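Visitor: Quick one: the structure is below, and I'll ask about it shortly.
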Amino acid sequence: MSQNDNSLAINGGRPVSKKVIPIHKPYLDKDDSEAVRKAVESTFLSGDGPACKEFEKGLATYLGVKHAYFTTSCTVALDLAFRIKNFPRDSEVIIPDFTYTSTALGPLLNNLRVRLADVDSENGNIDVNKLENLITEKTVAIVPVDYAGNPADMDKINQIAKRYNLYVVHDTAQSMGSSYKGKKTGTLADVSTFSFHGTKNLTTGEGGAIVTDDDELAKKIIIMREKGTNKHSFLTDNISRGYYEYMDIGNSYVQFNILGALGVAQLAKIERMNAERAKIANFYIQELSDIAAIKMPKISAKANTNWHIFYILVPAGQKYWILDALRAEGVYSNVHYTPLHRNKFYSHLGTDENFKGAMKFFGGLLRLPIYPSLNETERTCVTTAVRKVLGYSI
Ligand SMILES: Cc1ncc(COP(=O)(O)O)c(C=O)c1O
């Protein structure tokens with residue numbers, strides 16, 4: 001690879017694609033538009049409406065979980081996951097260093113402390129071999145994350161959690177439709193939290209879900225997400241003659257009905273959308289595997305990923321010029337996340353020395369475009385641009 005090669009668009013050469021290929025694009029079709037139109041015409045707009053309930057029922061069936069609740073985001077689902085537990089102030093929660101700020105916000109919004117765990121340098125998921133050292137008398141929970149949709153090593157995490165009596169909140173924001181040892185993510189922890197943000201495989205623009213098999217936790221969720229009231233039973237049981245009670249310090253996390261309808265339409269095609277992502281990922285792997293300088297994504301043992309993100313790992317110190325060069329070729333590449341400890345707000349939680357796995361992973365991470373509507377010409381432009389920039393024959 002040569003940064004000075006004159007054929008590269010960044011040095012004045014002809015770009016592989018004149019039009020910039022974005023890194024993600026939501027997949028929306030006529031069924032989505034029709035579902036939204038019908039929901040608008042129904043005039044039921046507010047939260048926890050019939051379409052929301054239909055979406056929740058569909059989600060529970062699809063995942064194979066007893067309870068699923070639609071929320072306004074995954075961030076609030078993570079908040080809820082801790083709000084329903086009432087852990088003593090300053091208890092500790094272990095989360096990966098390589099994650100989005102929302103994973104930390106769940107505990108922090110509930111007066112808990114976070115301890116950062118290092119991650120596997122090849123896939124960005126919590127490094128289970130370094131987990132136990134972080135457990136103290138104050139530890140109450142672990143929050144593994146499925147980076148890129150690739151499931152964390154949940155068997156080992158659950159074994160450790162059981163040994164120390166810890167609560168497991170699985171941040172499945174990115175892994176809708178992924179599975180681990182034959183079970184869908186969402187069924188592998190005490191509670192799991194999904195995101196339906198505009199960038200996710202299944203989207204309602206903004207949105208999320210909290211899911212669990214635990215009946216007692218579910219009862220608390222339905223109260224806390226509806227401002228700490230039992231309005232949900234008032235709506236569903238029809239026995240309280242218009243009266244419902246204010247019971248706790250909750251918040252407003254119920255999602256509105258139009259987005260419930262969009263969720264139903266999106267869920268109906270999640271398998272198809274994920275299959276298209278898998279096709280693209282397999283194409284990238286096939287076309288790029290001969291490039292010795294880069295590594296392909298490492299998928300956890302006995303897991304299936306939903307290919308929410310496709311990334312390559314490039315040599316340390318090279319990623320920013322490669323990113324600029326790919327963008328000049330018309331292929332939008334990106335780096336995300338920056339490890340938490342590298343952000344000012346979380347910098348007191350450790351240094352690069354403490355998180356060698358996260359720094360190595362982040363040091364090489366370059367994301368490439370992946371979404372169901374990426375057509376064959378665009379897919380080829382992506383692999384052509386990577387090969388060109390890295391000095392491999394096209
Ligand atoms: C691991 C993780 N957790 C939580 C979130 C927050 O999701 P939301 O935007 O739905 O709040 C994200 C967002 O991308 C995420 O990647």
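Visitor: Against the condition more than 11 Å from the ligand (Cβ to nearest atom), β-branched (Val, Ile, Thr), open to solvent by less than 50 Å² (accessible area, probe 1.4 Å) and touching a residue at least 40 places away in the same chain (Cβ under 8 Å), how does Ile221 come out, does it pass?
Guide: Taking the combined requirement at face value, the residue satisfies it.
Visitor: Could I ask something else about it? Take the conditions open to solvent by less than 10 Å² (accessible area, probe 1.4 Å) and touching a strand residue (DSSP E or B) at 6+ places or on another chain (Cβ under 6 Å) and apply them to Ile309. Does it pass?
Guide: Against the criterion (open to solvent by less than 10 Å² (accessible area, probe 1.4 Å) and touching a strand residue (DSSP E or B) at 6+ places or on another chain (Cβ under 6 Å)), Ile309 qualifies.
Visitor: Right, something else. From the list Ile157, Ile210, Ile142, which one is of a type in the set (A, V, I, L, M), touching a residue at least 60 places away in the same chain (Cβ under 8 Å) and within 16 Å of the ligand (Cβ to nearest atom)?
Guide: Ile210
Visitor: Here are some conditions: (1) surrounded by fewer than 22 Cβ atoms within 10 Å (Cβ to Cβ); (2) under 22 Å from Ile95 (Cα atoms); (3) in contact (Cβ under 8 Å) with a residue 60 or more places away in the chain. Arg342 meets all but one. Which one does it not meet?
Guide: That leaves (3) as the condition not met.
Visitor: Return yes when Ser192 is within 15 Å of Tyr69 (Cβ to Cβ), open to solvent by 40 Å² or more (accessible area, probe 1.4 Å) and within 16 Å of the ligand (Cβ to nearest atom) and no when it is not.
Guide: No.
Visitor: Scan Asn304, Asn274, Asn282 and give me the residue that is open to solvent by 60 Å² or more (accessible area, probe 1.4 Å) and within 19 Å of the chain's Cα centre (by Cα).
Guide: Being open to solvent by 60 Å² or more (accessible area, probe 1.4 Å) and within 19 Å of the chain's Cα centre (by Cα) holds for just one of Asn304, Asn274, Asn282, which is Asn304.
Visitor: A further question follows. Just to verify a result, which residue in segment 18-69, among those that are in a loop (DSSP other than H, G, I, E, B) and among the aliphatic types (A, V, I, L, M), is surrounded by the fewest Cβ atoms within 10 Å (Cβ to Cβ)?
Guide: Leu45
Visitor: Are any residues in segment 358-385 more than 22 Å from Asp324 (Cα to Cα) and open to solvent by less than 10 Å² (accessible area, probe 1.4 Å), and if so, which ones?
Guide: Ala358
Visitor: Which residues, taken from segment 89-104, are more than 10 Å from the ligand (Cβ to nearest atom) and surrounded by fewer than 24 Cβ atoms within 10 Å (Cβ to Cβ)?
Guide: Correct list: Arg89, Asp90, Ser91, Glu92.
Visitor: What about Leu78, is it within 13 Å of the ligand (Cβ to nearest atom), hydrophobic (A, V, I, L, M, F, W, C), at pLDDT 95 or above and farther than 22 Å from Asp215 by Cα?
Guide: Considered against the rule, which asks whether it is within 13 Å of the ligand (Cβ to nearest atom), hydrophobic (A, V, I, L, M, F, W, C), at pLDDT 95 or above and farther than 22 Å from Asp215 by Cα, Leu78 comes out as no.
Visitor: Follow-up question, since we're still on this one. I'm trying to understand the selection: among the residues of segment 155-179, which are within 30 Å of Ile23 (Cβ to Cβ), surrounded by fewer than 24 Cβ atoms within 10 Å (Cβ to Cβ) and not small (Gly, Ala, Ser)?
Guide: The answer is Ile157, and nothing else.
Visitor: Which residues, counting only those in segment 111-134, are part of a strand (DSSP E or B) and farther than 16 Å from Glu353 by Cα?
Guide: Correct list: Arg113, Val114, Ile126.
Visitor: Sticking with this one: Which helices (runs of 4 or more DSSP H) sit wholly inside segment 146-243 and have at least 3 residues that are modelled with pLDDT of 95 or more?
Guide: Helices (runs of 4 or more DSSP H) meeting the threshold: 154-163, 215-224.
Visitor: Of the numbered conditions (1) modelled with pLDDT of 95 or more; (2) under 30 Å from Tyr371 (Cβ atoms); (3) in a loop (DSSP other than H, G, I, E, B), Pro88 satisfies every one except a single condition; which is it?
Guide: All conditions pass for Pro88, except number (2).
The values are calculated or read from the model by the stated rules, or taken from the named source; none is laboratory data. Quick caveat: nothing in here was measured; it's all calculated off a predicted structure. With ideal geometry, Cβ positions are generated from the backbone for all residues, glycine too; neighbour counts draw on all protein chains shown. Side chains are part of the model used for accessible areas, which takes the heavy atoms of the whole protein and leaves out ligands, DNA and RNA. Shrake-Rupley method; radii C 1.70, N 1.55, O 1.52, S 1.80 Å.
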